[in-house]
Amino acid sequence: MRRHTILMIAWLLLSGVGCRQAGSDIRRQPIKLTGEEIVLLKKELRESDEHYDAGRKMIWMVTKEKHYHSDLDSGVRVHDTRGSIQYAAAVLRMNDTASIARGIDILKTILPLQEKDTSRAFCGVWPYYPEDPLAGRKAPVDYNWADFISVSLIDIMLNAPERIDNDLKQQVREALILAAHAIMKRDVKADYTNICIMGTYVCYVVGNLYEQPDIKTYGQKKLAYFYNFTKESKGFTEYNSPTYTVVAMNELLRMKLAITNPADKKMVDELYNLCWSMIARHFHQPSGQWCGPNLRAYNDLLTPELKQLFFYASNGQVNLPGEYLHQPRVLEPHQIPPALLHYFLEPDLPRTETDTFTVGKYQVKNHATFPDGEMKAQDITGKLYMQQRYALASVNQAYLWNQCRPLIAHWGSPEHPSYLRVRFLHDQYDFAAVHIKSVQDSSTVLSVLNLAYNGGDRHPNLDRLKDTTLAAADLRLRIETGGDISASSFSLSTVNKRELQFSSGDLRMLVQVPYCNWNEEDGHWELGAAGDKKWADYVIHSGSRKVFDLRAMKEAVIGLSLSVAAGQQLPKPQDIKVIADNKYLQLSAGSLLVKALKKPDDEFRIKNDFEIHSK
């Protein structure tokens with residue numbers, strides 16, 4: 001029944017039967033849920049049902065932490081505008097009077113919270129919570145809430161318009177037009193992927209739905225702009241992200257279900273398939289993992305939510321073990337393109353996936369001028385080698401922010417997966433000012449880690465180092481393993497103090513530090529473990545708090561080699577040639593070469609002044 005419904009909807013949308021009015025490029029016929037789908041949707045909404053505050057007519061929650069865009073502290077009970085309107089859009093798709101009445105109550109509560117004073121910069125935007133209004137607070141406004149609230153309002157108007165009266169429809173119309181103008185004024189560029197897609201969708205639909213020529217034209221041009229940018233830059237800024245690839249897919253799915261203009265729909269379909277292609281090509285079927293390298297990753301192993309997505313988007317063919325809902329998400333009817341299913345079910349192994357994630361000229365900052373001339377941004381490229389026993393992934397350039405996975409391996413089974421990744425910690429937290437340059441063949445990666453004196457500390461942008469100084473009580477390179485660690489162990493070499501062995505079953509890795517100089521300090525290995533993680537740290541500094549004058553330092557650089565072998569093979573120590581001149585550290589071994597700056601420097605130069613070669 002479910003598959004039949006999806007196919008019927010797809011046929012209607014592609015053919016335009018009964019969907020499109022003259023002069024309009026969007027579907028006007030609501031997509032009605034079947035009785036079976038409503039039952040599934042009610043199961044999905046149980047937690048939201050429990051958090052519904054009938055008195056305030058909103059979903060309540062407790063803040064988890066002090067947020068950059070809020071004046072409220074953690075532990076405060078609040079009412080969530082985004083969660084509430086998403087809940088309203090869902091319950092208005094049901095067929096019982098109680099659910100419909102609840103959805104209308106929420107809608108009437110949310111609409112007045114929008115800022116409507118056109119003299120204010122944040123006109124058209126909603127707050128996170130009514131307890132934290134936009135006017136008169138210290139925290140900056142999150143303009144994304146014009147987008148987030150609007151997409152749910154559009155869901156209501158496209159799929160449940162008959163549930164609300166004409167007066168409320170007029171209020172929704174006014175709110176959406178106001179929000180669309182806020183989105184147009186802000187004009188988010190394509191490098192902010194999910195918000196650019198979301199804003200494009202809002203303006204495209206609002207312009208058509210309410211016959212607003214300026215908004216309609218903006219939405220259509222923005223779609224073409226985003227499509228061309230993505231095709232020419234080779235992908236999304238947040239490359240291979242297990243979080244934001246899916247976020248982008250969800251917004252593109254909204255477009256697929258709403259847009260009927262053939263040329264525009266073709267662009268949306270291509271972008272949607274691009275998302276699935278990225279996922280499929282980086283899926284390691286033997287371990288059941290979405291592999292690296294990743295920008296914007298919050299986990300190291302596949303989450304239950306992603307397992308559910310793969311299950312229902314494959315019509316149950318990708319059935320990974322674990323505790324998760326083995327059912328579709330009714331309002332997100334994703335489908336894996338048939339041509340990509342083999343990556344999940346019967347992949348061709350061994351193989352290597354090579355990606356250009358972002359072309360240099362399309363990066364947010366693509367050039368900079370220095371006393372010795374102009375420098376252009378280099379392309380961001382990734383490599384993933386997969387065989388039956390393991391997958392090893394690296395990216396040519398990245399920072400070691402906690403949401404980056406620039407050098408990571410996966411192995412094991414879907415029931416018992418494991419990972420190993422490289423981190424750099426400043427006072428026990430991932431240090432975003434440290435960058436890594438890597439070159440990989442198949443089973444070996446050579447890397448150089450160096451430091452931007454104006455880079456971020458815990459976040460790449462929000463807490464940059466000041467006055468090119470760094471205060472630290474602890475600095476360490478970490479090789480971390482997690483997941484199933486029952487058979488995993490690190491051991492230190494008795495021959496070479498800079499060498500580390502790792503084993504997990506019959507998988508072996510060899511880690512070497514052929515060069516380390518951090519303000520004349522070398523390092524040493526220390527082993528540790530906690531919970532479901534084990535690690536080996538190459539400690540640079542630990543003890544008293546020390547202030548490093550980064551601009552004055554002659555060197556802050558580490559050379560690293562990681563080799564993997566499985567079965568009866570053992571990784572052989574690499575014959576690594578080290579050349580350190582006044583400016584660069586160069587490592588070479590066999591066909592691999594990586595060369596990067598030794599001395600701390602401006603972030604753009606640290607990021608782009610490097611060479612890698614792999615024959």
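Coordinate-derived values only; no laboratory data. Please read these numbers as outputs of a predicted model, since none were measured by experiment. Using ideal geometry, Cβ is built from the backbone for each residue, glycine included, and neighbour counts are taken over all protein chains shown.
The local environment of Leu320, defined by Cβ-Cβ distances under 10 Å, has a net charge of 0 under the rule Lys, Arg +1 and Asp, Glu -1.
Computed per residue of the chain from DSSP H runs no shorter than four, each worth -39500 (n - 2.57), the mean residue ellipticity at 222 nm is -9500 deg cm²/dmol. Within the shell defined by Cβ-Cβ distances under 12 Å, the residues around Pro127 carry a net charge of -4, with Lys and Arg each +1 and Asp and Glu each -1.
Between 0 and 90 degrees, the angle of helix 213-233 with respect to the longest Cα principal axis of the chain falls at about 20 degrees. With θ taken as phi - 60° and the Karplus curve 6.51 cos²θ - 1.76 cosθ + 1.60 applied, the whole-hertz 3J(HN,Hα) list for segment 540-556 is 8, 8, 7, x, 5, 5, 10, 9, 9, 8, 5, 5, 7, 5, 7, 8, 8 Hz, x standing for glycine and proline.
Considering only Ser287, Val422, Ala368, the residue lying farthest towards the positive end of the dipole of the chain is Ala368, judged by Cα position with unit charges set on Cβ. Only one residue of Ala398, Thr354, Phe344 has its Cα farthest out toward the positive end of the dipole of segment 312-428, where Lys and Arg carry +1 and Asp and Glu -1 on Cβ, and that residue is Ala398. For the chain, the normalised intensity computed at q = 0.06, 0.08 Å⁻¹ comes to -0.36, -0.63 (log10 of I(q)/I(0), Debye sum over alpha carbons, equal scatterers, no solvent). Between 0 and 90 degrees, the angle of helix 81-91 with respect to the longest Cα principal axis of the chain falls at about 60 degrees.
Residues whose amide H lies under 5 Å from that of Asp379, counting only those 5 or more places away or on a different chain, are Gly360; hydrogens are built 1.01 Å from N in the peptide plane. Near Met386, once Lys and Arg are set to +1 and Asp and Glu to -1 for all other residues with Cβ below 12 Å from its Cβ, the sum equals +2. If only the Cβ of Lys and Arg carry +1 and only the Cβ of Asp and Glu carry -1, the dipole of segment 313-384 around its Cα centre is close to 160 debye. Computed from backbone phi with θ = phi - 60° and the Karplus coefficients 6.51, -1.76 and 1.60, the 3J(HN,Hα) list for segment 357-364 is 6, 8, 5, x, 5, 9, 6, 3 Hz; x is used for glycine and proline.
Once the Kirkwood radius over Cα pairs is known for segment 2-262, the Stokes-Einstein relation at 20 °C and 1.002 mPa s delivers a diffusion coefficient of 111 µm²/s. Using equal-weight Cα scatterers in the Debye expression, the normalised intensity of segment 349-614 in log10 at q = 0.16 Å⁻¹ is -1.28.
For segment 2-262, the Cβ-based charge dipole about the Cα centre amounts to some 600 debye (Lys, Arg positive; Asp, Glu negative; other atoms uncharged). Against the chain, whose longest principal axis comes from its Cα atoms, helix 144-159 is set at around 40 degrees.
About its Cα centre, the dipole of segment 349-614 is roughly 180 debye, where the only charges are +1 on Lys and Arg Cβ and -1 on Asp and Glu Cβ.
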